[in-house]
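Engineer: The structure's right below; bear with me while I get my questions together.
The values are calculated or read from the model by the stated rules, or taken from the named source; none is laboratory data. In this text, all values refer to a predicted model and were calculated from it rather than measured experimentally. Here the Cβ positions follow ideal geometry from the backbone for every residue, glycine too, while neighbour counts run over all protein chains shown.
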Amino acid sequence: MANIKRSPWLLHYDGSSCNGCDIEVLACLTPVYDAERFGVMNTGDPMQADILLITGGINSQNEATVKQLYDQMPRPKVVVAVGVCACTGGVFKDCYNILGGADTVIPVDIYVPGCAARPQAIIDGIVQAVDLFQKRSDEHDALVKEKKRKAKEGAARG
Amino acid sequence: MQQLGKTSVIPFGPQHPVLPEPIHLDLVVEDERVVEALPSIGFIHRGLESLTDKRDFNQMCYVAERTCGICSFQHGMGYCEAVEHIFGVETPDRAKYLRTIWSELGRMHSHLLWLGLLADAFGYENLFYQCWRIREKVLDMQELTTGGRLIFSVNKVGGVIKDIDVEKQKAILKAMDEVEEELSVIRKTFFEDYSVESRLKGIGILTAEQINALGAVGPFARASGVKADMRLLGYDAYPELDFEPITSEDGDCYARCYVRMLEVFQSIKLIRQAIAQIPEGELSVPVKGNPNGEYFMRVEQPRGEAFYYVKANGKPNLQRMRIRTPTFANVPALCEMLKNTEIADVGLLVVSIDPCISCTER
Ligand code: SF4
């Protein structure tokens, strides 16, 4: 966290949450908790998002939507599951329409527990996500650099 | 005659910047004008009513609470009161007052949240943040008295499990004073700013006849002059408090904002009065055995009338629990309202009914 070099953008999607965790995610972005001080920004557009915050479990109706949102996000990306519903299915685990937590359809990197997850816990999750995003971006950059260098060498040899 | 080639269908949602929750609308448009709106729902359907098979009637109280995270207290309360009626037990007076106080705190935070979302929908971000800042004071009080910010779990069949002692009552009164003072400042912006007025006045008008025909409820109906408020039925401590529903005649977005804003002030008054009158006594009465029978309970949630139907047959697991939530009743009126509006107003109009999709789909 010491040296944030990037400002990742957040996308928030409500899977099948009861709204409790959703509202806490929103509360995190407002003045009292102000997650934006860690350099993140809320966006509504998956194509511009780097971190996906997902609340609520997966059901048969939103399964495709969640997958699509994840695929639309550019690489590298980080997924944070907020609340026990998104982690495992939570209270609704035994409901007929709940397939499970968010990780049943997309890879989840960070799990934030709680019902409802407290803003402090969500902020902790966001901070970890920023760190992870930084790491992945660096790796990604190194890969691109390497590729370019190889291409250049190839051209020189050409 | 319909001009072919000029209508098109625009999908709106499920993931949309103005919507905190997923709902999908197919908007049939002619140029910029909406001719028809067709909703499709089910993105948050969990099927929690079916959990009665796996959880007993005491555990269902916590499931009912999680129907919706915003009006969670009143969901739990409505469910518990339905079961209490089947048992034929009368909750102690103190529990009734406590339930009233928590209900009104819930209403305040829900309305403040909505005022913020409305401000966001018409593009006034500063106002959005101000509303949410004030709302945190209410949440602090909920946390102080119950331990949870949104999901309290203080209800049980027979009463409540936590008390609000004198110290905490004082803290609530102090917070109410602060909220009242700060909200009075914001209120001016909502009602006197001409740019806000131009976005809200005369938009999405519904008459009282339309509201009655389509069965809309809550502040949405009251904004059109329909005096429907379940608190008039007199559950909990409401019969002993000075309560008169707030209505407006205009039926537009401005009126909806007006009604909800005044309801926050009304809730402050109700809480003060409830704290002044709260009697000493037990928090709950013991209930023995299993429920047998059925009951309809109606309560007024921040978004309007919700009802709980509970049917039991003497076993720990209920036979049926059915919840009908206010947004479900408001969707037909929303679709009517969207006809003949501009596409640019759709987001605002959807927000204006204060939709709570996770309640609706349960
Ligand atoms: S974890 Fe709890 S508060 Fe969060 S969405 Fe699930 S039920 Fe609601």
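Engineer: Name the strands (runs of 3 or more DSSP E) wholly inside region B:285-362 in which the number of residues that are within 14 Å of chain A (Cβ to nearest Cβ) is 2 or more.
Structural biologist: Ranges flagged: B:320-324.
Engineer: Considering only residues of region A:1-39 that are farther than 21 Å from A:Val66 by Cβ and within 8 Å of another protein chain (Cβ to nearest Cβ), which is nearest to the chain's Cα centre (by Cα)?
Structural biologist: Checking each candidate, the answer is A:Ala27.
Engineer: Limited to region A:46-66, what total is found for residues that are touching a helix residue (DSSP H, G or I) at 6+ places or on another chain (Cβ under 7 Å) and free of Cβ contacts under 8 Å to residues at least 40 places away in the same chain?
Structural biologist: Residues meeting the conditions: 2.
Engineer: I've got another one for you. Kindly list the number of the only condition in (1) within 16 Å of the ligand (Cβ to nearest atom); (2) under 17 Å from B:Gly13 (Cα atoms); (3) not in a loop (DSSP other than H, G, I, E, B) that fails for A:Ser16.
Structural biologist: Of (1) within 16 Å of the ligand (Cβ to nearest atom); (2) under 17 Å from B:Gly13 (Cα atoms); (3) not in a loop (DSSP other than H, G, I, E, B), only one is false for A:Ser16: (3).
Engineer: Report whether or not B:Leu139 is aliphatic (A, V, I, L, M), assigned to a helix (DSSP H, G or I), closer than 19 Å to B:Val264 by Cβ and within 16 Å of the ligand (Cβ to nearest atom).
Structural biologist: yes
Engineer: If you go through region A:67-90 one residue at a time, how many are within 13 Å of the ligand (Cβ to nearest atom) and touching a helix residue (DSSP H, G or I) at 6+ places or on another chain (Cβ under 6 Å)?
Structural biologist: So the count comes out to 6.
Engineer: Still on this model: I want to confirm something. Restricting to region A:23-39 and keeping residues that are closer than 14 Å to A:Ile126 by Cα and within 14 Å of the ligand (Cβ to nearest atom), which single residue is surrounded by the fewest Cβ atoms within 10 Å (Cβ to Cβ)?
Structural biologist: Among them, the one singled out is A:Leu26.
Engineer: Sort out for me the strands (runs of 3 or more DSSP E) sitting completely within region A:40-135 that have 2 or more residues that are buried (at least 21 other Cβ atoms within 10 Å of the Cβ), at pLDDT 85 or above and away from chain B (no Cβ under 12 Å).
Structural biologist: Those strands (runs of 3 or more DSSP E) span A:51-55, A:78-82.
Engineer: Of these, B:Arg66, B:Arg46, which one is within 22 Å of B:Arg149 (Cβ to Cβ), within 14 Å of the ligand (Cβ to nearest atom) and more than 18 Å from the chain's Cα centre (by Cα)?
Structural biologist: B:Arg46
Engineer: Within region B:59-88, which residues are in a helix (DSSP H, G or I) and of a type in the set (Ser, Thr, Tyr)?
Structural biologist: Across region B:59-88, the qualifying residues are B:Tyr62, B:Ser72, B:Tyr79.
Engineer: Out of B:Gly281, B:Gly304, report the one residue that is at positive phi and surrounded by fewer than 18 Cβ atoms within 10 Å (Cβ to Cβ).
Structural biologist: Exactly one of B:Gly281, B:Gly304 is at positive phi and surrounded by fewer than 18 Cβ atoms within 10 Å (Cβ to Cβ), namely B:Gly281.
Engineer: Kindly indicate whether B:Arg46 is among the basic types (Lys, Arg), part of a helix (DSSP H, G or I) and crowded, with 24+ Cβ neighbours inside 10 Å.
Structural biologist: In short, no.
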